[in-house]
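Okay, so here's the structure we're looking at.
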Number of protein chains: 2
Amino acid sequence: MHISCAHCGLQRICFPKSLSSNEIAQLDQIVSSHPAIPRGSQLFSAGDAADFLYALKSGVVKLSRFDQAGNEIIHAFYLPGDVLGMEALDSPVYPFDAITLDNCTFCRIHRDDLETLAQKIPTLNRQILSMLAQDLRLEREHFDQLLNKTAEERVAAFVLSIANRFHARGLDSTSFRLPILHREVATYLGLTPETFSRVLNRFQNNGWLSWRRKQVDILDAEALQALAEGCAQPECHYRARKRG
Amino acid sequence: MHISCAHCGLQRICFPKSLSSNEIAQLDQIVSSHPAIPRGSQLFSAGDAADFLYALKSGVVKLSRFDQAGNEIIHAFYLPGDVLGMEALDSPVYPFDAITLDNCTFCRIHRDDLETLAQKIPTLNRQILSMLAQDLRLEREHFDQLLNKTAEERVAAFVLSIANRFHARGLDSTSFRLPILHREVATYLGLTPETFSRVLNRFQNNGWLSWRRKQVDILDAEALQALAEGCAQPECHYRARKRG
DNA sequence: AAATGTGATCTAGATCACATTT
DNA sequence: AAATGTGATCTAGATCACATTT
């Protein structure tokens, strides 16, 4: 049973973006809502036939895989309103696992239905391209967060990036629950859990951030921003020369 | 003056992919070919109005920007047949600089013309989506090449990745000219030129690879492959435990 | 039981300072 | 003149080994 996209709070960032009410009605006919699935479920697995796109309504999902050495690589965290499976639109199978990190509800669209409808509705076609471009932008942002960045810069940039995405959804971007394990954030940032823990400790001692269990409170966004943007701290010397 | 895409050797990976000859004729009407531009030119710059897509016919182009600390970040190298500007399809401006690393020839399409034509030709629309998905895949591959990889693993994976792309174009993938400075490859791989130079030296001493000036010769692809895939060397100990 | 925190030790690769090559 | 190569030194963060928390 599908509740119309017209009544969904996420329509501004999901498929219905910029569609007329008539067009949304057409979209409703190919979208199906699904009941909540528990934490740890696989929305899809690497190698599965990529028949569907998934629009996340609530919860958080990680997009990940294991490399040949057995290390987990996490490419993305999806928040409500995000659509999963875009990268497989031109492939027979999904290239990654999509694993729920929380109770999740979602809508599902068969990609053939979507393609047919997008041929009739140029605005929808543009929105599909835009969502794929968004995935590319997020991946490059992720890359930039890691390349030549210290552990502190990575964590600061990550927290702000998540906060911005909460903000874009009209949610509290200063104090929020983030159902991602510290270990998973560390993996996403290319750090060990030990290093991640030590960075959180320093941020806490500086009065910049409180992140206990799954509750995140940003106490000094400006300090985090300054750190994420470069090396704002005086004691950052070894790498400072090229950066000045 | 545009030479028809029907006679272009790159039609199997560029826009005309899977189009009928009738459809290619329609594509020809919105494509314009351009004379060679020299090394160091900007095809477009970050912040420019993103009105055009560029299909590279010959030469190599880097997609890059400078971060707030003044360090160059290189996100991609484009080879003949690749299309630049896809990531800006839903944005008013290009987010990166596209700089030629060699004499380059290219075709150009106005994105409005392309969008109009893609509405009429579903196969073309699918090809556009596919090229954007390809950019995303390459970016994730780039990411995977860096995350938790040693300098040697990065360089081995890079050389093989480039070789694969030459192979996909029907070119010699064992011995080829690559007009990218060592310094730029190092930047792309998140390494210093010094470290890159030392890695090349070791590969040369092992008889795996010769890369002098801009001439690349792969002498032992299997050894490089084993290295890129994990830690194949016995002397790799410190990081080996988790990987075994 | 798994996640997280903490201290001691270790190392890959950055940095620095030049030399050499093109 | 800029790119590349080479040796000496330095350090951020990984690894290891546990303790503590949930």
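Key figures
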item: Residues of the range A:68-114 classified as part of a loop (DSSP other than H, G, I, E, B) and in contact with a Gly (Cβ under 8 Å, 6 or more places away or on another chain), total; result: 7
item: The range B:194-215, subset open to solvent by less than 40 Å² (accessible area, probe 1.4 Å), assigned to a helix (DSSP H, G or I) and closer than 15 Å to B:LEU227 by Cα, residue nearest to DNA strand C (Cβ to nearest atom); result: B:VAL199
item: One residue from A:ARG213, A:ARG169, A:ARG154 being within 10 Å of DNA strand D (Cβ to nearest atom) and modelled with pLDDT under 95; result: A:ARG213
item: Pair list, Cβ under 8 Å, 6 or more apart: the range A:184-196 residue free of Cβ contacts under 8 Å to residues at least 40 places away in the same chain, other residue open to solvent by 20 Å² or more (accessible area, probe 1.4 Å); result: A:ALA186/A:THR192; A:ALA186/A:PRO193; A:ALA186/A:THR195; A:PRO193/A:HIS182; A:PRO193/A:ARG183
item: Of all residues in the range A:88-106 being in contact with a helix residue (DSSP H, G or I) (Cβ under 8 Å, 6 or more places away or on another chain), in contact (Cβ under 8 Å) with a residue 12 or more places away in the chain and not small (Gly, Ala, Ser), the one that is nearest to B:ALA88 (Cα to Cα); result: A:LEU89
item: Selection from the range A:131-177 of residues that are part of a helix (DSSP H, G or I) and among the small types (Gly, Ala, Ser); result: A:ALA133, A:ALA151, A:ALA156, A:ALA157, A:SER161, A:ALA163, A:ALA168
item: Selected residue (only one of A:LEU136, A:LEU160 is closer than 30 Å to B:LEU189 by Cα and in contact (Cβ under 8 Å) with a residue 24 or more places away in the chain); result: A:LEU160
item: Top-ranked residue in the range B:216-231 [being within 19 Å of B:GLN145 (Cα to Cα) and within 16 Å of DNA strand D (Cβ to nearest atom); ranked as surrounded by the most Cβ atoms within 10 Å (Cβ to Cβ)]; result: B:CYS231
item: Subset of the range B:115-132 [of a type in the set (A, V, I, L, M, F, W, C) and within 11 Å of chain A (Cβ to nearest Cβ)]; result: B:ALA118, B:ILE121, B:ILE128, B:LEU129, B:MET131, B:LEU132
item: Answer residue from the range B:37-61, given it is open to solvent by less than 40 Å² (accessible area, probe 1.4 Å) and either within 14 Å of chain A (Cβ to nearest Cβ) or in a loop (DSSP other than H, G, I, E, B) (or both) and is farthest from A:ALA228 (Cα to Cα) among those; result: B:GLY59
item: Selection from the range A:83-111 of residues that are open to solvent by 20 Å² or more (accessible area, probe 1.4 Å) and either of a type in the set (Asp, Glu) or not assigned by TED's automatic domain parsing to the domain that holds A:GLN127 (or both); result: A:ASP90, A:ASP97, A:ASP102
item: Residue in the range B:154-170 that is more than 26 Å from B:TYR54 (Cα to Cα), more than 10 Å from every other protein chain (Cβ to nearest Cβ) and charged (D, E, K, R) present; result: yes
item: A:ALA76 vs. criteria in the same structural domain as A:ASN125 (by TED's automatic domain parsing), touching a Leu at 6+ places or on another chain (Cβ under 6 Å) and closer than 30 Å to B:GLU153 by Cβ; result: yes
item: Among (1) within 15 Å of DNA strand C (Cβ to nearest atom); (2) crowded, with 17+ Cβ neighbours inside 10 Å; (3) over 15 Å from the mean Cα position of the chain (by Cα); (4) in a helix (DSSP H, G or I), the one test that A:LEU191 misses; result: (4)
item: Which listed residue is at positive phi and within 10 Å of another protein chain (Cβ to nearest Cβ), from B:GLY70, B:GLY85; result: B:GLY70
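The values are calculated or read from the model by the stated rules, or taken from the named source; none is laboratory data. Predicted model only: the values in this text are computed from it and were never measured. Neighbour counts run over all protein chains shown; Cβ positions are idealised from the backbone, glycine included. Accessible surface is based on the protein model in full, side chains and every heavy atom, while ligands, DNA and RNA are left aside. Shrake-Rupley method; radii C 1.70, N 1.55, O 1.52, S 1.80 Å.
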